[in-house]
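So the structure is just underneath, and the comments pick up after that.
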């Protein structure tokens with residue numbers, strides 16, 4: 001099936017650990033994104049890559065590091081996890097151009113204990 | 001900066017009643033506009049979008065929205081609510097001046113009563 005898939009779906013970890021979330025899209029899109037949805041369900045963009053190049057880097061702690069090995073993959077690595085990092089992280093993809101909607105993955109629920 | 005405001009964090013309707021979810025944007029140049037739906041513990045699904053052309057756009061599941069430039073609004077409607085419409089709805093924009101940044105409103109939770 002064509003989709004944006006991200007793994008894992010759930011991630012429970014202790015403070016101070018390092019973790020990664022992986023995302024893959026097979027839609028042929030050239031742009032991928034990471035969004036964070038907080039406990040109040042507010043969605044905020046974190047990063048965006050276009051053809052493997054970082055084009056959006058919002059005010060995010062540098063403990064968060066995205067990596068795009070190719071235009072179909074965008075991973076998110078988080079160092080030294082903190083309680084406040086608990087959230088749902090969504091990967092999305094689109095074709096660059098304002099008229100296109102974004103296709104979202106099903107989300108990764110990260111819980112830091 | 002581009003912003004999106006959804007009026008009403010919670011909307012409650014009876015099954016069969018009209019659904020109206022409000023969205024206003026702030027921009028001197030009309031952006032591209034989107035409505036997404038999020039069912040509990042799921043991802044976001046695109047309901048409909050306005051880019052150019054006809055200002056009344058139809059989406060999935062019987063929803064439609066009308067772009068009104070004079071009111072800077074893009075309200076979402078459905079003539080008759082179903083129980084399955086219960087979800088959270090997000091209005092979102094991509095501004096005309098900055099590429100590739102989809103900005104969301106705060107979301108509106110729709111509850112449908114039998």
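Nothing in this text is a laboratory measurement; each read-out follows from the coordinates by a stated rule. Predicted, not measured: the structure shown is a model, and the values here were computed from it. Cβ placement follows ideal geometry from the backbone for every residue including glycine, while neighbour counts extend to all protein chains displayed.
Could you list, in sequence order, the residues of the stretch B:55-103 that are in a helix (DSSP H, G or I) and more than 24 Å from residue B:42 (Cβ to Cβ)? Break it down stepwise before answering.
Applying the first criterion (in a helix (DSSP H, G or I)) to the stretch B:55-103 yields B:60-62, B:69-71, B:83-85.
Within the stretch B:55-103, B:69, B:70, B:71 qualify.
Filter the stretch B:58-78 for residues that are closer than 15 Å to residue B:5 by Cα and crowded, with 19+ Cβ neighbours inside 10 Å and give the result. Within the stretch B:58-78, B:67, B:74, B:75, B:76 qualify.
The condition (being in contact (Cβ under 8 Å) with a residue 12 or more places away in the chain and away from every other protein chain (no Cβ under 11 Å)) is satisfied by just one residue among B:70, B:27, B:9: B:27.
Select from the stretch B:42-56 the residues that are surrounded by fewer than 16 Cβ atoms within 10 Å (Cβ to Cβ) and at the interface with chain A (Cβ under 7 Å from one of its Cβ atoms) and list them in ascending order. Selection gives B:42 alone.
Screening A:65, A:20, A:39 for residues that are away from chain B (no Cβ under 12 Å), part of a loop (DSSP other than H, G, I, E, B) and surrounded by fewer than 17 Cβ atoms within 10 Å (Cβ to Cβ) leaves exactly one candidate, A:39.
Can residue B:94 be described as within 11 Å of chain A (Cβ to nearest Cβ), surrounded by 21 or more Cβ atoms within 10 Å (Cβ to Cβ) and either more than 18 Å from residue A:44 (Cβ to Cβ) or under 16 Å from the mean Cα position of the chain (by Cα) (or both)? Lay out the reasoning, then the answer.
Numbers: within 11 Å of chain A (Cβ to nearest Cβ): yes; surrounded by 21 or more Cβ atoms within 10 Å (Cβ to Cβ): yes; either more than 18 Å from residue A:44 (Cβ to Cβ) or under 16 Å from the mean Cα position of the chain (by Cα) (or both): yes.
The answer is yes for residue B:94.
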